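Q: Would you mind keeping the following structure in view while I ask a few things?
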Amino acid sequence: MAEDDRDATALSERSVSDLIKQLSDQTATLVRQELDLAKAELSVKGRQAGIGAGMFGAAGLIGLFAVGALTACVVLLLATAVTGWLAALIIAAVYGAVAGGLALTGKGRVQRAVPPTPEQTVQTVKEDVELTRQRVREGRR
């Protein structure tokens, strides 16, 4: 008798409850293995994302240094026309004005976004509920 025939005979002699238990065990094992694989994959991706975020942070810091050097350059350039302290004061005032404008613009945008409720969606859901109520009332008449 071939091995495949023996396996088929063995399976046909087992009860349905045994087969269901075996299926359940195999399914649980498969799910555990898939979860382990997902954890391993997410761990690798998380590590890569962390390295990328660190690189972005370093780029931001170096960019800040570049802005500082550019500011010094502009102050020194302006110092050829006026005294050094006045050149630095002018550049600081310009930066302050730009920061103030950005802050006011940002504040306005945040206020438009608050509260963070999807107002249009809430309104359309209310309309859908009212329409459904009307149809139910019409169906009862």
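The values are calculated or read from the model by the stated rules, or taken from the named source; none is laboratory data. On a predicted model such as this, the values are computed, not experimentally measured, just so you know.
Q: Checking the conditions here, which among Leu23, Leu102, Leu64 is assigned to a helix (DSSP H, G or I) and at pLDDT below 90? Break it down into steps so the answer makes sense when it comes.
A: Values: Leu102 fails: at pLDDT below 90; Leu64 fails: at pLDDT below 90.
Among Leu23, Leu102, Leu64, only Leu23 is assigned to a helix (DSSP H, G or I) and at pLDDT below 90.
Q: Still on this structure: Do we find a residue being farther than 30 Å from Thr71 by Cα and assigned to a loop (DSSP other than H, G, I, E, B) anywhere in segment 118-133? Please lay out each step first, then the result.
A: Of the residues in segment 118-133, the ones farther than 30 Å from Thr71 by Cα are 118-133.
Cutting the leftovers down to assigned to a loop (DSSP other than H, G, I, E, B) gives us 118.
Yes, segment 118-133 contains at least one residue that is farther than 30 Å from Thr71 by Cα and assigned to a loop (DSSP other than H, G, I, E, B).
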